[in-house]
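What follows is a single structure, written as structure tokens, with notes after it.
The values are calculated or read from the model by the stated rules, or taken from the named source; none is laboratory data. On a predicted model such as this, the values are computed, not experimentally measured, just so you know. Virtual Cβ from ideal backbone geometry, glycine too; neighbours counted across all protein chains shown. Just the protein is used for accessible areas: all its heavy atoms, side chains included, with ligands, DNA and RNA removed. Shrake-Rupley method; radii C 1.70, N 1.55, O 1.52, S 1.80 Å.
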Amino acid sequence: MTSCVNPQQAETIATVNNGGNPVVPHGAVANLRKPTAYQLPTEILTYIIHWALPSVKITPAHAVTTSDAYMRLLYALRQVSKRWQDLVDGTPSFWTVILSTLPFHANNATIFRSASGPLTIVFEDSEEPNTSDRGSAFLGMIAHTRSRWSTIYLNGCSENCLAGFLATPAPLLRTVAVFDSWREGEEPLELLGGQTANLRHVELSEVPLQWRTGLFMELKSLSMTAVTSDLTTNHIIDFLEASPGLEELCIEGDFELSPNQASFPLITLSRLRTIRLAGDRGKAVDCILRHVRVPSWLTFYVNLGAQWGYDFDYQLFMNETMEPFQETFREIHIKNGASGMWFNSHAFRWQSFTPGHAGGKRVFSIFMEGFHPMGVRWVERILRGETGLQVEFGYIPVLGSVLRGLAHLRCLTRVSITVNDVQDVHAILRFLYQPLGPSPSTPSLPCLRELSLQSWGWNAQDILDMVQRRWTAFSEPNLDPPPLTINIWRGPFGWNDDRRPILDLATLDKIRGAKGVECVRVVEKHDVDGMLAIIWNEETSKPTRGEDWQGSLAISSVALASSASSAG
């Protein structure tokens, strides 16, 4: 039997039993009166609170929300007890965040309790009416703390407000993140009055700055997006040469190629983990890649936009500029077992399938606006016979050229059709059974193992015709065609309310039984193992749940309903 002891009652009873004289309570009762948490040394409790507080992420998507969450939890912890309140209020290192969306008195309290410690300044312009001067009011409240600023995040500052934050030196400032703060006609400002030597993390987007060599040095991360032609490769190479410990690099926009690129040094950035370069002036991107060596990169992203009006040599870019990175691309493909090419509108992309958030795993993405047959040959040459390449067909104005460029690829083993145009879908299905070359011996994509139908514009009979004709295209008796898996995405409607194909059970059964077909699966977008709720079991001649796909026909409720209605 379990007994419950009230510590106050126990103490009263003990006092009465002792003739009215106070007694020291039993040890168990004393522990009940003072839980262990209340007996923790101040130093340990301080560490516990420190690790309980969330980190503040200085990004456009998270800066305000994480800062707000930090302050809310901090104030909640003050309410636990008087001891906790005194500890929290008396620990300056807890009071680090000044947030523009907090009340004036809350920010003043933070400034007071932070003593002389470093401060993180977070300002985001409000879309509410009559708040145009909020930036100036916020700046006026915190201007006297400038000497303690260690991090500053600004989003949507006006011209005068931006200059007030960034034009004056701040000796402790190490992180600057500024977004969407450019207005037409604004004059570029000199960042921190030119005193930028202490900066280690810089993230700028749409910020009018006076670019110059020597502006940044010893950086750990550098991100400059939506930049204009005022920024040149001469500036960028200077920043990189002065920051040998750089770990993240992102430059996107219309930065300009400098005329003296031949004199640029070759820079080795041994600690660089992330490199992202994107721009419509491919020669500027090409220049940076030619002058850096990145032996330990984890994320490699290059985006070449439309090179309108520029004489850009894509073949030279792929064969020479990208040559130091090619072997690593191949290693990533082999390790992951796959990589993918995408063709959509006038674009070509080749990228790995490793999730970008997977720690320690390398990922790459090469994007070029416009279809370039040489890009297909470039990928084939890098893979050197390794299978596992996937291609996805979206809307492609030059579909015929794309198909001709892919037909011979033996490294390509999976095709996904996402385009919804009926003519394009039928053209792709015909392509899959057309002979490869003038003398028929094998069909196009002879090593194809998986076909994923994610669109509409086809019916079950179209798929049956394709698999039957594809099998007959393997005319030589010594050929051993790879078994084909067909994945059909379930779902009755598309994004514009177009119906997906109705799958009749009889035709699906013929597809499954066709030579060269391993299985037919009806899957959801996020299915991992392809498992469905219903499988047709041939031994029992009825739908059932099961684990074994071999010799079974996977069908959806749509197929069953269609079959039942046909029988009726």
Exactly one of (1) more than 16 Å from P208 (Cα to Cα); (2) open to solvent by less than 30 Å² (accessible area, probe 1.4 Å); (3) among the aliphatic types (A, V, I, L, M); (4) part of a helix (DSSP H, G or I) is unmet by A137. Its number?
(2)
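Residue-wise test of (1) among the aliphatic types (A, V, I, L, M); (2) in a strand (DSSP E or B); (3) more than 29 Å from the chain's Cα centre (by Cα); (4) at pLDDT below 95.
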{"site": "T145", "(1), (2), (3), (4)": "no, no, yes, no"}
{"site": "A163", "(1), (2), (3), (4)": "yes, no, yes, yes"}
{"site": "G193", "(1), (2), (3), (4)": "no, no, yes, yes"}
{"site": "L199", "(1), (2), (3), (4)": "yes, no, no, no"}
{"site": "V207", "(1), (2), (3), (4)": "yes, no, no, yes"}
{"site": "W211", "(1), (2), (3), (4)": "no, no, yes, yes"}
{"site": "L222", "(1), (2), (3), (4)": "yes, yes, no, no"}
In the set K34, K57, the lone residue that is among the basic types (K, R) and modelled with pLDDT of 85 or more is K57
Candidates S416, S441, S401, filtered to the one that is open to solvent by 20 Å² or more (accessible area, probe 1.4 Å), without any contact (Cβ under 8 Å) to a residue 60 or more places away in the chain, of a type in the set (S, T, N, Q) and within 21 Å of V379 (Cα to Cα)
S401
Looking at (1) at pLDDT 90 or above; (2) in contact with a helix residue (DSSP H, G or I) (Cβ under 6 Å, 6 or more places away or on another chain); (3) buried (at least 20 other Cβ atoms within 10 Å of the Cβ), which is the one condition that is false for K510?
(3)
Just to be sure I understand, how many residues within region 367-387 are touching a helix residue (DSSP H, G or I) at 6+ places or on another chain (Cβ under 8 Å) and open to solvent by less than 10 Å² (accessible area, probe 1.4 Å)?
6
Subset of region 51-75 [of a type in the set (D, E, K, R) and open to solvent by less than 50 Å² (accessible area, probe 1.4 Å)]:
D68
Filter region 237-249 down to the residues that are free of Cβ contacts under 8 Å to residues at least 40 places away in the same chain and under 27 Å from the mean Cα position of the chain (by Cα), then identify the one that is surrounded by the fewest Cβ atoms within 10 Å (Cβ to Cβ).
G245
When region 76-113 is examined, which residues are found to be of a type outside the set (D, E, K, R), more than 33 Å from the chain's Cα centre (by Cα) and open to solvent by 30 Å² or more (accessible area, probe 1.4 Å)?
Q79, V80, W84, Q85, G90, P92, P103, F104, H105, N108, F112
Are any residues in region 152-176 in contact with a His (Cβ under 8 Å, 6 or more places away or on another chain) and hydroxyl-bearing (S, T, Y), and if so, which ones?
T175
Looking only at region 454-469, count how many residues are open to solvent by less than 30 Å² (accessible area, probe 1.4 Å) and modelled with pLDDT of 90 or more.
4
Specify the residue that is modelled with the lowest pLDDT; the eligible residues are those in region 315-360 that are of a type in the set (S, T, N, Q), in a helix (DSSP H, G or I) and open to solvent by 50 Å² or more (accessible area, probe 1.4 Å).
Q315
crowded, with 18+ Cβ neighbours inside 10 Å, under 21 Å from H235 (Cα atoms), modelled with pLDDT under 95 and of a type outside the set (D, E, K, R), is that true of A278?
no
Tally, over region 443-458, of residues that are part of a loop (DSSP other than H, G, I, E, B), under 19 Å from E386 (Cβ atoms) and not aliphatic (A, V, I, L, M)
3
